[in-house]
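Okay, so here's the structure we're looking at.
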Amino acid sequence: MLNPGDLLLPALIFTAVGFIIGAVVAYFFLERGKERSEEEPAEKVEEKPAPKPAADEPYTGLPLERFNPLVRLYREKSTGKLVTEIDRKIYLSRETVPVEQLRMLREAAESWTNWLGVEPAAPPKESTPPANPLPDPAVLAASILPVDKPRPTSIVGQIDEILQEMLVESPFAERTIRLTEEANLGVIVWVDRERFNGIEAVPDEEIQNLIRAAVKRWEKISHTLKP
């Protein structure tokens, strides 16, 4: 018959051995897990960008995928001078703004002017003189009123005046025929640019006849004027 004390001792031995084996196995898996954690690279941690100052952030009241911010305007408090900011660059005068950006500003200013309801200034009208300016009334009256020419005092001058009246209705209306007088040579006849000393020197008989007809008319008029 077995003694209960003989069974207690082996049970204690097996319990102790099992505890030791469990501890060794647990230690083995713990060390292996540490080695794997050291071998695997550390997961990347997403770095969030530092928040930008409020002045550097564009206006976000509208969706930027639909709207494009163009320009910012500032006014200096002391002087009232305007300062323009484009693409986070400050411009104190338009001379320093690049050509493309200056063109963009002008287009935006025109659109904004229309948006405000401000009508653009109309270009000045060029004053054009009338096509047919009216003459001065005094000049017009002077040109209409007949001018009394002094009558020639010499006989040759009086005959030449009659000759000019007859010349208009003669076949020689398009030509120049004049009578002048020189002290030593007497009557000088001018036919266009040719000069002849006396009526008989004119080669064209019809012109001679016209001059003689003017002489006869003068003689007739002079006789009627005598008392």
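I'd like the full set of residues that are within 23 Å of residue 102 (Cα to Cα), open to solvent by 100 Å² or more (accessible area, probe 1.4 Å) and at pLDDT below 75, limited to segment 38-81.
Residue satisfying the conditions is 59 alone.
Would you pick out the residues in segment 170-208 that are in a helix (DSSP H, G or I) and either exposed (fewer than 12 other Cβ atoms within 10 Å of the Cβ) or of a type in the set (Gly, Ala, Ser) (or both)?
200, 201, 205, 206
Restricting to segment 104-122, count the residues that are more than 19 Å from residue 94 (Cβ to Cβ) and part of a helix (DSSP H, G or I).
Final tally of qualifying residues: 3.
Would you be able to tell me the number of residues in segment 209-227 that are open to solvent by less than 80 Å² (accessible area, probe 1.4 Å) and either assigned to a loop (DSSP other than H, G, I, E, B) or over 16 Å from residue 157 (Cβ atoms) (or both)?
Residues meeting the conditions: 2.
Taking residue 84 as the residue in question, decide whether it is open to solvent by less than 80 Å² (accessible area, probe 1.4 Å), hydroxyl-bearing (Ser, Thr, Tyr) and modelled with pLDDT of 60 or more.
yes
The values are calculated or read from the model by the stated rules, or taken from the named source; none is laboratory data. In this text the structure is predicted, and so the values were computed from the model without any measurement. Glycine gets a Cβ as well: all are built from the backbone with ideal geometry, and neighbour counts include every protein chain shown. Keep in mind that these areas ignore ligands, DNA and RNA; they rest on the heavy atoms of the full protein, side chains included. Shrake-Rupley method; radii C 1.70, N 1.55, O 1.52, S 1.80 Å.
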